[in-house]
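Note sheet for the following structure.
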Amino acid sequence: MNKSFLISLFIVFSFSSLFAQKSLNSYKYILIPKQFEFQKSPDQYQLNSLTKFLFERAGFTVLYTDDAFPEDLATNRCLALKALVNNHSGMLSTKMNVALSDCYNNIVFSTKEGVTKEKDYKKAYQEAIRSAFVDIENLKYVYDDTLAADEKISEKKAEIEKLTDKEVLPVVEVKKVPEVPKVKEISPMKVAKQIEKKEENEVKTEPVKSFVLPVVNSIEGKYFVDKWGECNISAKDGYYAFVGGDEKFEFAAIYKTSIPNLFIIKWAAFKQPRLLELDLQGNLKVEDENGDKIYKRVQ
């Protein structure tokens with residue numbers, strides 16, 4: 001292959017990467033729906049939670065589309081990009097990529113397709129997303145409010161230029177509104193009697209009693225874990241320690257995410273971290289290659 005052609009291709013790729021990084025650095029937030037178009041239910045296969053986690057790990061501030069927005073985002077939706085996961089899977093392989101669109105629905109960045117031949121749907125989707133996210137992690141995103149300010153000034157300038165190009169609207173004649181006839185005055189005594197009569201006719205209703213099921217909102221406690229038997233989770237400096245066995249061996253470390261009941265667990269025996277969910281009864285549901293495992297809380 002021609003050497004000059006390779007050099008030209010490298011320069012074009014470098015400028016494209018710099019442009020994408022500069023463009024993304026001017027956005028402060030990433031918005032993620034709780035259900036993508038191809039999913040049958042919210043957070044199916046925990047794909048939305050995983051996408052949110054991967055964006056946060058890449059340095060972005062991430063919100064779900066139905067979360068309460070911060071004040072600056074509520075007044076200016078163009079501070080955020082919306083994350084779209086596109087599913088191009090076939091019968092023999094799973095193919096997915098991540099795209100980011102701005103407030104005008106323009107695609108400002110798109111990753112390459114993550115491809116896997118894994119047969120299990122959950123594993124295949126998550127593996128393909130992790131593969132596609134390599135492009136986003138390589139951008140080394142850092143929010144730069146000066147870029148956002150420059151873009152905002154440019155947008156305002158364009159709006160002013162559009163206004164100056166518009167024709168002057170014709171003057172509309174305002175017709176006089178006819179006077180409203182005066183309402184007949186009612187004596188205070190008559191009003192008081194009407195209110196008293198209405199109160200007598202009203203039926204008093206007893207307040208409806210509501211019952212709320214207890215919710216376990218702390219991951220700290222004792223759990224029964226397969227060969228380790230009764231184990232304990234306790235808070236440490238920046239994480240939770242999962243300890244078990246007679247030697248009190250710390251066989252896993254658990255880290256918080258932005259979702260209160262969703263965590264990341266890093267087993268001492270495995271390099272790949274997994275998702276961990278705390279259910280309402282206080283039990284742990286851990287992602288596993290052979291299906292989710294449930295570790296019950298010891299009462």
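Observations on the structure shown:
- Here region 1-51 is the region considered, the condition is being farther than 22 Å from S101 by Cβ and at pLDDT 50 or above, and the residue that is least open to solvent (accessible area, probe 1.4 Å) is Q46.
- Within region 120-149, the residues that satisfy the criterion of being charged (D, E, K, R) and farther than 15 Å from D288 by Cα are R130, D135, E137, K140, D144, D145.
- Residues of region 21-67 classified as assigned to a loop (DSSP other than H, G, I, E, B), hydrophobic (A, V, I, L, M, F, W, C) and closer than 23 Å to P273 by Cβ, total: 3
- Taken as a whole, the structure leaves K266 outside the set of residues that are open to solvent by 30 Å² or more (accessible area, probe 1.4 Å), modelled with pLDDT of 90 or more and either in contact with an Asp or Glu (Cβ under 8 Å, 6 or more places away or on another chain) or within 25 Å of Y121 (Cα to Cα) (or both).
- Residue list for region 210-248, filter: at pLDDT below 85, surrounded by 12 or more Cβ atoms within 10 Å (Cβ to Cβ) and of a type in the set (A, V, I, L, M, F, W, C): V216, W228
- Hits in region 257-280 - residues which are hydrophobic (A, V, I, L, M, F, W, C), over 16 Å from I294 (Cα atoms) and within 16 Å of the chain's Cα centre (by Cα): I259
The values are calculated or read from the model by the stated rules, or taken from the named source; none is laboratory data. Here the structure is a predicted model, which means the values were calculated and not measured. Note that each Cβ is placed from the backbone with ideal geometry, even for glycine, and that neighbours are counted across all protein chains shown. Accessible surface is based on the protein model in full, side chains and every heavy atom, while ligands, DNA and RNA are left aside. Shrake-Rupley method; radii C 1.70, N 1.55, O 1.52, S 1.80 Å.
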